[in-house]
Amino acid sequence: MNLAKAAGLEASREWANAQHPDPSMRACDVLVAGKRAQVKVMASGFAKLYAGLEGVELLFVRRDHSEWLIVLRAENYLKLLQEHK
């Protein structure tokens, strides 16, 4: 949230959504520029993602038979949001 605010974007914690009847809203930890987001922090759980981002801007990942996900650095994502304000 502090990263988004430092980038001049609206951001708020959404703790009140923990009991929301809509599961997609219960999963929302923060709103960043109107986008629902969930925050995860792990000591070394994302080491492979960080390694995969070395030397590139985007990392495409997928579990077998699942949809593709795109991983990018927060700074790059926030710049995209700023450009589309």
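For E57, work out the one condition from (1) surrounded by 10 or more Cβ atoms within 10 Å (Cβ to Cβ); (2) within 19 Å of H84 (Cα to Cα); (3) in contact with a Leu (Cβ under 7 Å, 6 or more places away or on another chain) it doesn't fulfil. Result: E57 passes all but (1). Taking the range 27-54 as the range and being of a type in the set (K, R) and surrounded by 13 or more Cβ atoms within 10 Å (Cβ to Cβ) as the test, the residues that pass are K35, R36. Going by what's in this entry, would K85 be described as exposed (fewer than 11 other Cβ atoms within 10 Å of the Cβ) and in contact (Cβ under 8 Å) with a residue 60 or more places away in the chain? For K85, the condition - exposed (fewer than 11 other Cβ atoms within 10 Å of the Cβ) and in contact (Cβ under 8 Å) with a residue 60 or more places away in the chain - is met. Each residue in the range 1-26 was checked for being more than 21 Å from K85 (Cα to Cα), of a type in the set (A, V, I, L, M, F, W, C) and surrounded by 12 or more Cβ atoms within 10 Å (Cβ to Cβ), and 1 of them qualify. Right, L80: within 20 Å of L9 (Cα to Cα), of a type outside the set (S, T, N, Q) and out of contact with any strand residue (DSSP E or B) (no Cβ under 8 Å at 6 or more places or on another chain) or not? For L80, the condition - within 20 Å of L9 (Cα to Cα), of a type outside the set (S, T, N, Q) and out of contact with any strand residue (DSSP E or B) (no Cβ under 8 Å at 6 or more places or on another chain) - is met.
Pairs linking a residue in the range 42-67 that is more than 21 Å from L78 (Cβ to Cβ) to a residue that is surrounded by 10 or more Cβ atoms within 10 Å (Cβ to Cβ), with Cβ atoms under 7 Å and 6 or more positions apart or on different chains, are R62/L69.
We did not get these values from a lab; they are worked out from the coordinates using the rules stated. Keep in mind it's a predicted model, so treat the numbers as computed, not measured. Glycine gets a Cβ as well: all are built from the backbone with ideal geometry, and neighbour counts include every protein chain shown.
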